[in-house]
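The block underneath contains the structure these notes are about, expressed in structure tokens.
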Amino acid sequence: MPSTMVIVLLRTTKTKEEGIMGELPRERSITLDFESQFRVTLTSSDFAAIMKAFLLLLPQFLEDFFQKVLVGFAEYELSLPQKSFSCTCCGNDRDFVWKTRHGKATVILTWFRWLTLQQLQVLCKRCGHKQYITRTLLGMEPRQRVPEATRRKLALMGALTSYRVSAKIGQMFGWAVDKMTIWQSVQRVGRQLEFLLDEKEEPRGEADGTGIGITGIAKRGKELKVLVQYKKGGGIRVAGLDIGPYNGSWQKLFRKNLAIFKKFTRPFLLVTDGDTAIFDGLKGKVKILTQRCLWHIPYQGKYVLWQDKVARKSADWLHVLAELMEICAIRSLVDCPETIRAMLESKRRRLDQVIEFCRQKSYSHTVSYLENARADMFTALENRLAGKTTSRVERVMRTVNMRVNVSKWSMEGALNVTKVRLAYYYNGFDA
Ligand SMILES: [Zn+2]
């Protein structure tokens, strides 16, 4: 049975950011009468059978629809004195005639399936140059097969779950997309994402590194480094991301942010659970206050005590742990310099006593760990900077690991999928 429908198409002026078409002087709109006729044979009227038949119909309908809309807009463009495109040869943007409305076939990927379109070609009346305008009208790059909107959807899907599951979900809803296309989309979108500090947000953040499971790369060999920044309204955003050697240089990640660090009116307070020597590269370039993550200290304390072979829950173990817990417990800030000074003195004295205790007992790992941490434990308190000195980057790391462990990854592949994933969870990326 033939169906007839009238579709009104409205198109508003594109801005420069949306690109491609450039600026148009006014709102554009065309109206198309769209008639389409399909013959469908069905053997059953049940739900699944109707859906299945529609999925076979859909691509034909979609192709017709795209073709018709594109021709409609091209006709409209040609009727305008000034076109939104210009001759790639002579720059003319006024005098064109049709070469063909059914030129060489080309394919583009929608989120239903690949479509084959007959390219539209115009002829420049000034220089005789022939050019295709299909992708110009679509807002796509020349020869680009996967539109940005499709690519972002595929990339997000591929970053949120495994490629196998992504492909399966697509298939369930009639999108026959293969794993390789999803993988490529993740890579391309990931590569384009850049994480930087935002000078309008808080001058505080955390840096953390974690070994990640990449097949073919030893677990402890490579590390994912993440810099997060606290947001004014609460929550965090990712301000830097890299995969590199374990305990290796953070320079690369911070170098990109150097100029932004300098824009903050107060020095940036960086919370980290690692050795702050990793930030030595920043010295002299920008003032950053480093603060050990106090949440990590008792936690890491258990590990170094174990290394020193101190029995769990023994008297010594309990003593060291209890002291560390108390030293690291910082109440929300007392706004009185004298009190702060007294607190600092008391905490440092207690810490020194714990270190001395461990030294006498020859708990060498614990001694060296605490001595190393000592200088950066009370930076926030000393500078009267209220707020959390506990790790929030921890959760970011768990978010990463959920995805990265599920498959085989090259280093760049792992970085790209992590970028898309974190951009979605923390930096407002969506598709
Ligand atoms: Zn020309």
Kindly evaluate GLU141 against the criterion of being over 23 Å from LEU55 (Cα atoms) and either over 20 Å from the mean Cα position of the chain (by Cα) or outside any strand (DSSP E or B) (or both). yes
Return the residues of the range 163-212 that are within 17 Å of ALA423 (Cα to Cα) and hydroxyl-bearing (Ser, Thr, Tyr); say none if nothing qualifies. SER185
Restricting to the range 96-107, name every residue that is at pLDDT 95 or above, surrounded by 14 or more Cβ atoms within 10 Å (Cβ to Cβ) and not aromatic (Phe, Trp, Tyr). LYS99, THR100, THR106
Cβ-Cβ under 8 Å pairs, at least 6 apart or on other chains, the range 81-94 side more than 15 Å from THR136 (Cα to Cα) and assigned by TED's automatic domain parsing to the domain that holds LEU123, far side away from the ligand (no atom under 11 Å from the Cβ) and polar (S, T, N, Q): ARG94/GLN82
Being at pLDDT 85 or above, outside the structural domain of TYR303 (by TED's automatic domain parsing) and in contact with a helix residue (DSSP H, G or I) (Cβ under 8 Å, 6 or more places away or on another chain) narrows it down to one residue among LYS262, LYS225, LYS231, LYS256; which is it? LYS225
Residues of the range 130-141 being free of Cβ contacts under 8 Å to residues at least 40 places away in the same chain and within 16 Å of the ligand (Cβ to nearest atom), which ones? LYS130, TYR132
Here, strands (runs of 3 or more DSSP E) confined to the range 36-129 with at least 3 residues that are over 24 Å from ARG145 (Cβ atoms) and within 16 Å of the ligand (Cβ to nearest atom) are 96-100
Residue within the range 29-38 that is surrounded by 13 or more Cβ atoms within 10 Å (Cβ to Cβ), of a type in the set (Val, Ile, Thr) and assigned by TED's automatic domain parsing to the domain that holds LEU137 present: no
ALA155 - would you say it is in contact with a Ser or Thr (Cβ under 8 Å, 6 or more places away or on another chain), more than 15 Å from PHE65 (Cα to Cα) and more than 16 Å from the ligand (Cβ to nearest atom)? yes
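The values are calculated or read from the model by the stated rules, or taken from the named source; none is laboratory data. Computed from a predicted model, the values in this text were never measured in an experiment. Every residue, glycine as well, gets a Cβ built from its backbone with ideal geometry; the counts of neighbours run over all protein chains shown.
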